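Novice: Here's a structure for you.
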Amino acid sequence: MHQKLENKFGRFGAFIADNPLKVIIFTLLLLLYPLSQVPKITMDTSTEGFMHPEDPMLVNYNAFKDQFGRDERIMIAVKSEHIFTLDFLKKLKKLHDELENNLPYLDEVTSLVNVRNTRGEKDQLIVDDLLEHFPKDAADVAKIKDIVMDSEFYKNLLISEDGSITTLVIETQAYTGGKEQNVDEMFDAFDESQTPAEKEESKTPLSDAQNAEVVHKVQEIIKKYEAADFKIYYAGSPSVMDALKTMMKKDMQKFTRITILIVLVFLFVIFRRLSATFYPLIVIILALLTTVGSMAAFGVAFKLPTQIVPSLLLAVSVGATVHVLSIFFDAFNEMKDKKEALVFTMGHSGLAISMTGITTAIGIASFAGSEVAPISDMGIFASLGVIVSLFLTLTLLPALLMITRLKPRAKAQRGWLDSLMKKLAYIPTHHPKSIAAVSLLLVFISLVLAGQLKLSHYPLEWFPKDDMNYVSTKLMDKEMKGTLTAEIVIDTKEENGWQDPQRLQKLDQLAHKLEGYDNGKTFIGKIFSLATVVKESNRALHENRQAFYAIPDDKALVSQELLLFENSGSDDLEDLVDSQFSKVRVTHKLPWKDSIDSLDMIDYIKAQYAQAFPDATVTVTGMIPLLVHTFTQSIRSSVKSYIIAFVLIAIMMMLIMNDIRLGLIAMIPNLTPIIVGLSLMYIYHIPLDMFTMLIGSIAIGLAVDDTIHFLHNFRRYYHQSGDASLAVENTFFTTGKAMVITTIVLSLGFYSYMFGTMASVQNFGFLTGSVILLALLADLFLAPALMILIAKKGWIK
């Protein structure tokens, strides 16, 4: 069967040799449409982008945004020892006004300038801006200071406990449209006859580009106000995620180009031919652009995890093209005829290259079922890219070689590599048991170390420690008790359910209890809700006496106070409760910690609210719960995907080897580099996060490719000679050389990533380069040692 397929590949090579221009034109026409879609690709670094549209967590989050607005905020902190002076407040107001007047997609800016000041005057409830009547002298400022420092609401929201930091909180629109609405369209929003789907279509979430526009405008404005006594910091998930996207995109693009340059240099050094240098690059670029164009055609955005796709395609494409070039030029130097050399190359390696490409694509496609949207996208489109790369390697690359004027060269020009391969072949053929024993011990030790790996999802720690987003977030988490939020929505399912004083008292009591939560890893910094408004109003209507900063027992009084608050002109209730007073929002201010460290806290919060309000529906949402949910989903989905990948690859190995036992044995060199790679993560204190988990997909691609090439050629030479040692040596002289060249080129390319700005990119480069080397070692030593041992048992048919 194998021989028939190899003969067909040989005939296919002859067809390409006779019709190279037709093959090139046909190939490019097939790729024309996806290539034309490349300019339409978009980037999405939002946390929501990690979830599928039907994910219940995302559905709840969108419902929350529909009701209460966006919970992601940009926080500006101003540090000064002179906050409560007339000059400082004037400057703060000027900054506030400039932000308010110039920021696009703005919902609201909140600071000491306009934060609500709830007070009573005679029998009236007054709710106005704190600095609505701007202070005129030091005495006025002193009164403002007393109000601010005495306020429970302002503390750790707009003023630090020691009064040295004040903040401006910027909230952007949750949704934005591309055009202004006319009156009829505005009333359509209240049309109950519209279906949810029709309403959904009319909403356009704030895009990545629009979010970046806001962040960059904020940075532009605050630069003008920076001074020694007006030290400005900025943080918040919109700013951090924009910086993360920018830095990672810059690093990945920069080092992908460096890797390609290294590939070009080494291909030229190895082959000494421009055709062997640039033709693989054409295959890589076309495969990558076709993949990106296909994503754009299907409306799939490029997300942080899918930035690994170019590296994956680079690794797979270089491996396949180098195998073709290595076999082709060896044959061409010997046969002196391009057509004969191509026929030999396609017959010799066409089947193996096809099997490696298909097996790698199947393995990567197992990620398509992931519950994390970008990992699912990677599974779909990276596997497509692998197939495209395979197609181009077996069609376009040979056709280009056929139309290129080539001269055969003396084989001695690469004699050093033949000598190296002969020496390397000696080791596994003469010490197979030792290699198997050492490998087994290494795998055992690696499994023990891998079991101690730390799970993590902490994007903030990917930044350099002097980056402003990192510095600002750490400062505000410490001094202002948090930069992110967890939101709880409690739905009583009854009208005016949250005018019940007992419910409000229970909510207030729970808030006091939870504000003391600190598990040593994370904490709850501040909680505010409708209960905060009711307490402020009750105190104001009792001559501003602090003793009445509490929830009244009388339901009628609660209703009256809420009505007075609504009529005061403040719109703050819209952010806290729905119009029917059946559904309330409770905001928990939290520090940006590792998602793993936040998991127990989120579970604790949810359990406390569910216990306190058993008759209501409690929904947990907001940035911290989304981050926790995304990572837990990615862990579960990745484990499942890797298991599926290995099962499918094992099945393919059995088919390729035409033997169940040999197929399972062939999986050992595939698994070993990944297991040892995990031990390196433990040794170098690299956490197992969403980014490092995906490195296994590249490891699968390269380990499987090399293993299949080795085993396929080993079986051929073993059947020809009946001598396992000679078969290993002959395999090393053909496939082995291509494996070594590929590994040297790719490992150096990926190690260059270690000079990146971000820790995640550095880790990616180190681990990928190391796993590539480990995969080569497994296929040069472990795979042949296993073949020698099983050949002695007579298992190879």
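The values are calculated or read from the model by the stated rules, or taken from the named source; none is laboratory data. Please read these numbers as outputs of a predicted model, since none were measured by experiment. Note: areas computed on protein heavy atoms with side chains; ligands, DNA, RNA excluded. Shrake-Rupley method; radii C 1.70, N 1.55, O 1.52, S 1.80 Å.
Novice: How large is the accessible surface of Leu510 in square angstrom, using a 1.4 angstrom probe and rounding to the nearest 10?
Specialist: 10 Å²
Novice: Let me ask something else. How long are the semi-axes of the equivalent ellipsoid of region 20-167, defined as square roots of 5 times the Cα gyration tensor eigenvalues? Whole Å, largest first.
Specialist: Details: eigenvalues 544, 78, 36 Å².
Ellipsoid half-lengths, sorted descending, are 52, 20, 13 Å.
Novice: If a/c stays under 1.5 just call it rounded; otherwise compare a/b with b/c (prolate if a/b is bigger, oblate if not). Do that for region 197-314, with a ≥ b ≥ c from the square roots of the Cα gyration tensor eigenvalues.
Specialist: The shape class here is oblate.
Novice: Show that you can apply the helix-only estimate: for the chain, add -39,500 (n - 2.57) for every DSSP H stretch of four or more residues, divide by all residues, and state [θ] at 222 nm to the nearest 500. All intermediate terms of the calculation are to be shown ahead of the outcome.
Specialist: Details: 31 runs with 488 residues, N = 797.
One gets -20000 deg cm²/dmol as the mean residue ellipticity at 222 nm.
Novice: Now a separate question. On a C-alpha basis, how far is the centre of region 620-679 from the centre of region 472-541 in Å? Whole number, if you could?
Specialist: Centre-to-centre (Cα) distance: 42 Å.
Novice: If you rank Tyr549, Tyr684, Tyr154 by how much accessible surface each has, with a 1.4 Å probe, what is the order from largest down?
Specialist: Details: Tyr549 40, Tyr684 130, Tyr154 5 Å².
Highest to lowest solvent-accessible surface, that is Tyr684, Tyr549, Tyr154.
Novice: Nearest 10 degrees, 0 to 90: what angle lies between the long axis of helix 415-430 and the longest principal axis of the chain (Cα atoms)?
Specialist: 90 degrees
Novice: For Thr176, which sequence-distant residues (separation of 5 or more, or a different chain) have an amide H within less than 5 Å of its own amide H, given hydrogens modelled in the peptide plane?
Specialist: Amide H to amide H, under 5 Å and 5 or more residues apart or across chains, Thr176 pairs with Thr204, Leu206.
Novice: Next up: Kindly provide the pair-distance distribution of region 239-280 built from C-alpha pairs, with 10 Å bins from 0 and whole-percent values in order of increasing distance.
Specialist: Final binned percentages: 28, 31, 20, 15, 5.
Novice: Here's something else I'd like to know. For Lys90, go through the lysines and keep the ones whose alpha-carbon is under 24 Å away, minus same-chain ones fewer than eight residues off.
Specialist: Partners found: Lys79, Lys136, Lys143, Lys145, Lys155, Lys217, Lys223, Lys224, Lys231.
Novice: Then there is this: Using the Karplus curve 6.51 cos²θ - 1.76 cosθ + 1.60 with θ = phi - 60°, work out ³J(HN,Hα) for each residue of region 381-392 in order, rounded to whole Hz, and write x for Gly and Pro.
Specialist: 8, 5, 5, 4, x, 5, 5, 4, 4, 4, 4, 5
Novice: Accessible area, 1.4 Å probe, largest first: how do Glu479, Glu536, Glu152 sort?
Specialist: Glu152, Glu479, Glu536
Novice: Follow-up question, since we're still on this one. Compute from the Cα atoms of region 602-733 the Rg and the Dmax, the latter being the longest Cα-Cα distance, and quote both in angstrom.
Specialist: 22.9, 78
Novice: Any idea what log10 I(q)/I(0) is at q = 0.17, 0.34 Å⁻¹ for region 273-313, Debye with uniform C-alpha scatterers and no solvent?
Specialist: Log10 I(q)/I(0), no solvent term: -0.52, -1.12.
Novice: Give the long-range amide H neighbours of Thr485: residues separated by 5 or more places, or on another chain, with amide H under 5 Å away, using H modelled in the peptide plane at 1.01 Å from N.
Specialist: Here Leu590, Met623, Ile624 satisfy the definition.
Novice: Which order do you get for Met248, Met754 if you rank them by accessible area with a 1.4 Å probe, largest at the top?
Specialist: Reading off the accessible areas and sorting them downward yields Met754, Met248.
Novice: Also, quick follow-up: Give me the percent relative contact order of region 503-606, please, defined on Cα pairs under 8 angstrom at least 6 residues apart. Spell out each step's value before the answer.
Specialist: On the way: 102 pairs, mean separation 35.6, N = 104.
Over region 503-606, the number comes to 34 percent.
Novice: Keeping all protein chains in the complex and leaving out DNA, RNA and ligands, what accessible area do you get for Glu220 with a 1.4 Å probe, in Å² to the nearest 10?
Specialist: Roll a 1.4 Å probe over it and Glu220 shows about 100 Å².
Novice: If you don't mind, another one. Which lysines, if any, have their Cα less than 26 Å from the Cα of Lys433, not counting same-chain residues under 8 positions apart?
Specialist: Lys422, Lys423, Lys737, Lys792, Lys793, Lys797
Novice: Classify region 447-488 from the C-alpha gyration tensor, please: rounded if a/c falls under 1.5, else prolate or oblate depending on whether a/b exceeds b/c. Intermediate values should be presented prior to the final figure.
Specialist: Working: a/c = 3.33, a/b = 1.69, b/c = 1.96.
It comes out oblate by the Cα gyration axes.
Novice: With every protein chain present, what accessible area does Tyr426 have (1.4 Å probe, heavy atoms only), rounded to the nearest 10 Å²?
Specialist: The accessible area comes out at roughly 120 Å².
Novice: With an 8 Å cut-off on Cα pairs and a minimum separation of 6 or more residues, tell me the relative contact order of the chain in percent.
Specialist: 20 percent
Novice: Take the alpha carbon atoms of region 348-421, find their center, do the same for region 269-334, and report the distance between the two centers in whole angstrom.
Specialist: Rounded to whole Å, the Cα centres lie 7 Å apart.
Novice: In degrees between 0 and 90, to the nearest 10, how far off the longest principal axis of the chain does helix 86-102 point, with axes built from Cα atoms?
Specialist: Result, in degrees: 60.
Novice: Per the Kirkwood treatment, what hydrodynamic radius in Å, one decimal, follows for region 248-351 from the mean inverse distance over all distinct Cα pairs?
Specialist: Numbers: mean 1/r = 0.0657 Å⁻¹.
Evaluated over region 248-351, this radius sits at 15.2 Å.
Novice: Could I ask something else about it? Could you list log10 I(q)/I(0) for region 548-665 at q = 0.10, 0.17 Å⁻¹, which the Debye formula gives when each Cα is one point scatterer?
Specialist: Log-scaled intensity ratios, in q order: -0.58, -1.01.
Novice: In whole Hz, what ³J(HN,Hα) sequence does region 785-795 give by Karplus (6.51, -1.76, 1.60; θ = phi - 60°), x for Gly and Pro?
Specialist: Values per residue, Gly and Pro as x: 4, 5, 5, 4, 5, 6, 5, 5, 7, x, 8 Hz.
Novice: Does anyone have the angle between helix 274-297 and the longest principal axis of the chain? Alpha-carbon axes, 0 to 90°, nearest 10?
Specialist: Taking the Cα atoms of the chain, the angle to 274-297 is about 40 degrees.
Novice: Which of rounded, prolate, oblate describes region 31-87, given a ≥ b ≥ c as roots of the alpha-carbon gyration tensor eigenvalues and a/c under 1.5 marking rounded, otherwise prolate only if a/b is larger than b/c?
Specialist: Numbers: a/c = 4.61, a/b = 1.83, b/c = 2.53.
Oblate, because a/c is 1.5 or more while a/b does not exceed b/c.
Novice: Whole-Hz ³J(HN,Hα) for each residue in region 226-235, computed from phi via Karplus 6.51 cos²θ - 1.76 cosθ + 1.60 with θ = phi - 60°, x for glycine and proline: what do you get?
Specialist: For region 226-235, the Karplus-derived couplings read 4, 7, 4, 9, 8, 6, 10, 10, 9, 7 Hz, x marking Gly and Pro.
Novice: Here's another thing I want to ask about it. Here are labelled values, [x] 31.0, 106; [y] 32.2, 106; [z] 27.0, 87, and one is the computed Rg and Dmax of the Cα atoms in Å for what I pasted. Which one?
Specialist: [y]
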